[in-house]
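The values are calculated or read from the model by the stated rules, or taken from the named source; none is laboratory data. Model, not experiment: these values are computed from the prediction. Don't worry about glycine lacking a Cβ; one is built from the backbone with ideal geometry, like all the others, and counts go over all protein chains shown.
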Amino acid sequence: MRYVKTVDQILRIMNNIEQIRNVGIIAHVDHGKTTTTDSLLAAAGIISPRLAGQVLAMDFLDVEQRRQMTVKAANISLYHEYEGKPYVINLVDTPGHVDFTGKVTRSLRMIDGAIVVVDAVEGVMTQTETVLRQALEERVRPLLFINKIDRLIKELRLKPDEIKQRFIEIIKEVNNLIETYADPEFKKKWILDPSQGMVAFGSAKDAIGITVPMSRKKGIKIDDIIEAYSSGDKEAIEELKKKIPLHEALLDMVVRFVPNPKEAQMYRIPKIWKGDISTDLGKALMEVDPDGPLVFFVCDMRWDPHAGFVATGRIFSGTLYSGQEVYLVNSKAVQKVLQVGLYMGPYREVVDRIPAGNIAAVLGPDLARSGETIVDLKIKDVIVPFERMRYISEPVVTMA
Ligand code: GDP
């Protein structure tokens, strides 16, 4: 799939909240998070920098440029079409490992859904369980990608029935965790039903992936994949890469089952924000109101040698635009937004404004630290920040 989109087209999508999805990938170390991300970047439409005055959804990056982006980006906005309709999928970098600085929780605030990657040979491991539990506590909806299925065939030499049994066991284990840790109202709804397409099976290394609905639509069975790997037929694998590309399996799943920001903030705000949801501000946050007061939560601060500090975060309400005066709640400072854009590794696509529901990259409020809440001056005395931080001595930040 080759897409060429202008920034105007992308912005039109970003203004239509039903066409936005904010997601992350979580996995136990070595289960394939990086390889999966790489394969999404290599194949999906990426929203591009300006080139010779023109703006393109990028397809022109070489492998090395794309790789750099995976390493450096706090967020990458992908373009995906499902049943003829375009979507912007913000893929937020979530640390796979567990730490005690609040980084995981912070990045989970940015996303409404997560692709849980599980190595088919290793199964569910401690970090899968810990991060999935945290995600569920933040009301992030999980989807599953069972990766490295080639290993079941090439290394373990399992028979088709045994392979299917293995899939059933992994799904059962993940569903047990969902049943245990999801809030009561989501237990049933979020249980993974593979027949509906909530689970993908594949090999990130070969960029192959399939779900049950995709299998029906394309007439390719899991047995065909097993056969291709058992025989070691390189041509058959190449065919599968074309017919059942991993990005299609994963991004279709995201579009169909990850709630859009409006659906998500309605039930997530009462859980992740400690303010009063019956106030106008509370309503603006739950409704993702682009005309409401600005509330921007900073998940990531990075230093860009060409531009200075870049704050990446989620706009929960209001609209971010350059020239805007904003208040940094934790550092109690007024600063000016100098530039807003989409930040993708080495590239920053500058735009005039970004509305609520999206992930934005901002220059200007350089006193912010990860975890800061940036708001409209008019609500500076009433806002309850998403996170309270205590500054010991600059620039060390600890969480209260
Ligand atoms: P991360 O730690 O979760 O980011 O894992 P990586 O993406 O770095 O993958 C860990 C290792 O597993 C690397 O050596 C990958 O090449 C390998 N790997 C990833 N996906 C697959 C797969 O589908 N099949 C096989 N056999 N190896 C894979």
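Once the range 111-167 is narrowed to residues that are without any contact (Cβ under 8 Å) to a residue 24 or more places away in the chain and within 16 Å of the ligand (Cβ to nearest atom), the residue that is surrounded by the most Cβ atoms within 10 Å (Cβ to Cβ) is LEU158.
Is it fair to say LYS189 is modelled with pLDDT of 95 or more and touching an Asp or Glu at 6+ places or on another chain (Cβ under 6 Å)? No; evaluated as a whole, the condition is false for this residue.
Yes/no matrix, rows are residues, columns are (1) in a loop (DSSP other than H, G, I, E, B); (2) in contact with a helix residue (DSSP H, G or I) (Cβ under 7 Å, 6 or more places away or on another chain); (3) under 23 Å from ARG388 (Cβ atoms):
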{"site": "GLU235", "(1), (2), (3)": "no, no, no"}
{"site": "GLU238", "(1), (2), (3)": "no, no, no"}
{"site": "HIS247", "(1), (2), (3)": "no, yes, no"}
{"site": "MET253", "(1), (2), (3)": "no, no, no"}
{"site": "ARG256", "(1), (2), (3)": "no, no, no"}
{"site": "PRO259", "(1), (2), (3)": "yes, no, no"}
{"site": "LYS271", "(1), (2), (3)": "no, no, yes"}
{"site": "LEU281", "(1), (2), (3)": "no, yes, yes"}
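Quick check on GLY202: is it within 16 Å of the ligand (Cβ to nearest atom) and either touching a residue at least 40 places away in the same chain (Cβ under 8 Å) or not aromatic (Phe, Trp, Tyr) (or both)? Criteria met by GLY202. Against the conditions (1) within 16 Å of the ligand (Cβ to nearest atom); (2) at pLDDT below 95; (3) over 21 Å from the mean Cα position of the chain (by Cα), ASP223 satisfies every one except (1). Pairs meeting the criteria (first residue in the range 82-95 and of a type in the set (Asp, Glu), second residue part of a loop (DSSP other than H, G, I, E, B), beta carbons under 7 Å, at least 6 apart or on different chains) are ASP93/ALA73; ASP93/ALA74.
Condition check ((1) outside any loop (DSSP other than H, G, I, E, B); (2) within 22 Å of ASP280 (Cα to Cα)) across all residues:
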site: HIS306; (1), (2): no, no
site: VAL326; (1), (2): yes, yes
site: GLN335; (1), (2): yes, no
site: GLY341; (1), (2): yes, no
site: ARG369; (1), (2): no, no
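Scanning the range 205-220 for residues being over 26 Å from the mean Cα position of the chain (by Cα) and either within 16 Å of the ligand (Cβ to nearest atom) or farther than 19 Å from PHE257 by Cα (or both) gives a total of 3. Note on the range 1-97: enclosed helices (runs of 4 or more DSSP H) holding 1 or more residues that are of a type outside the set (Ser, Thr, Tyr) and modelled with pLDDT of 80 or more are 7-15, 33-43. Restricted to the range 32-44, and to residues there that are small (Gly, Ala, Ser) and touching a helix residue (DSSP H, G or I) at 6+ places or on another chain (Cβ under 9 Å), the residue that is nearest to the ligand (Cβ to nearest atom) is SER39.
Inside the range 283-304, residues that are modelled with pLDDT of 95 or more and either over 24 Å from the mean Cα position of the chain (by Cα) or part of a strand (DSSP E or B) (or both) make up a count of 8. The set of residues in the range 214-225 being out of contact with any Ser or Thr (no Cβ under 8 Å at 6 or more places or on another chain) and part of a helix (DSSP H, G or I) consists of MET214, SER215, ARG216, LYS217, LYS218, ASP223, ASP224, ILE225. Of all the listed residues (ILE392, ILE383, ILE315), the sole one being modelled with pLDDT of 95 or more and either crowded, with 22+ Cβ neighbours inside 10 Å or not acidic (Asp, Glu) (or both) is ILE315.
Pairs meeting the criteria (first residue in the range 13-31 and near the ligand (Cβ under 8 Å from one of its atoms), second residue in a strand (DSSP E or B) and of a type in the set (D, E, K, R), beta carbons under 9 Å, at least 6 apart or on different chains) are ALA27/ASP119; HIS28/ASP119; ASP30/ASP119; HIS31/ASP119.
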